[in-house]
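Just below is one structure, and these are the notes that go with it.
The values are calculated or read from the model by the stated rules, or taken from the named source; none is laboratory data. Since we're looking at a predicted model, the values are computed, not measured. Backbone-built Cβ (ideal geometry, glycine too); neighbour counts: all protein chains shown. Accessible surface areas use protein heavy atoms only, side chains included; no ligands, DNA or RNA. Shrake-Rupley method; radii C 1.70, N 1.55, O 1.52, S 1.80 Å.
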Amino acid sequence: MSESFSQLQQALQHGDLQLKGQFMLGSNYTFLVEITFEDKTYPAVYKPSRGEQPLWDFPEQSLAQREVAAYLVSESLGFHIVPFTALRDDGPYGAGSIQQFIEYDPEYHYFNFTEEDKQLLKPVVLFDLLVNNADRKGGHVFFENETRKLFAIDHGICFHEDDKLRTVLWDFGGQKIPDDLLSRLSLPPSLLRQLESYLAPREISALCARADSILQRGIF
């Protein structure tokens, strides 16, 4: 872990938050914040639990926890596609998720990606299948401006114990999953223990079952 990334983690978890604006698209309240920590300022995305719209099929005020769970799965299994995400209890509107803000071009998204860039989405497709993503939109996969690193965001309605996959990324349906991606699906006990703070036991069991099923089938 680089020193700068470690500092960003510390900042997002412990720094002083200041509201800067609201993202108006989407059904849940989402805010841009600035976080000050050790004389440095970091932009971040704040999603307060009290701003979540109730869903009939997900427990109320559980979306922020699912955002963190998605980050933990992404990092533990080597996908590295979800920006750093943590829970904060002391946000301006109460407890919620805080996520690293990524600078990207909103005009360049899945629906106008080059074919070469679309081929880079296989890890995202596998990740969505594993976490049972019920809301993969085309605008929520993008490349960071400076590094062109691929990121995926908005994982608040993942991890349901029932099959809920809803996605626009069907490009690889029926294709064989590359071995280097399949090899990531061995869920370490340390990850499962971490997830206990964010997901229900039945949701963790369903995650393990999906991983086993994907490994057996070996296809997108």
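Consider region 131-144 and keep the residues that are of a type in the set (A, V, I, L, M) and under 19 Å from D57 (Cβ atoms). The one that is farthest from the chain's Cα centre (by Cα) is A134. Residue pairs whose Cβ atoms lie under 6 Å apart, separated by 6 or more positions or on different chains, with the first residue in region 191-209 and open to solvent by 60 Å² or more (accessible area, probe 1.4 Å) and the second not in a helix (DSSP H, G or I), are R202/E161. Selection of region 71-102 for residues being in contact with a strand residue (DSSP E or B) (Cβ under 7 Å, 6 or more places away or on another chain), under 26 Å from K122 (Cβ atoms) and not aromatic (F, W, Y) yields I81, V82, P83, T85, Q99, Q100, I102. Residues of region 196-220 that are part of a helix (DSSP H, G or I) and within 12 Å of V131 (Cα to Cα): E203, I204, S205, A206, L207, C208, A209, R210, A211, I214. Summed over region 1-43, residues that are closer than 29 Å to I157 by Cβ, touching a strand residue (DSSP E or B) at 6+ places or on another chain (Cβ under 8 Å) and among the aromatic types (F, W, Y) total 4. State which residue is surrounded by the fewest Cβ atoms within 10 Å (Cβ to Cβ) when the search covers only region 22-36 and only residues that are modelled with pLDDT of 95 or more and not aliphatic (A, V, I, L, M). So the residue we want is T36. Each residue in region 155-170 was checked for being in contact (Cβ under 8 Å) with a residue 60 or more places away in the chain, of a type outside the set (V, I, T) and open to solvent by 10 Å² or more (accessible area, probe 1.4 Å), and 3 pass.
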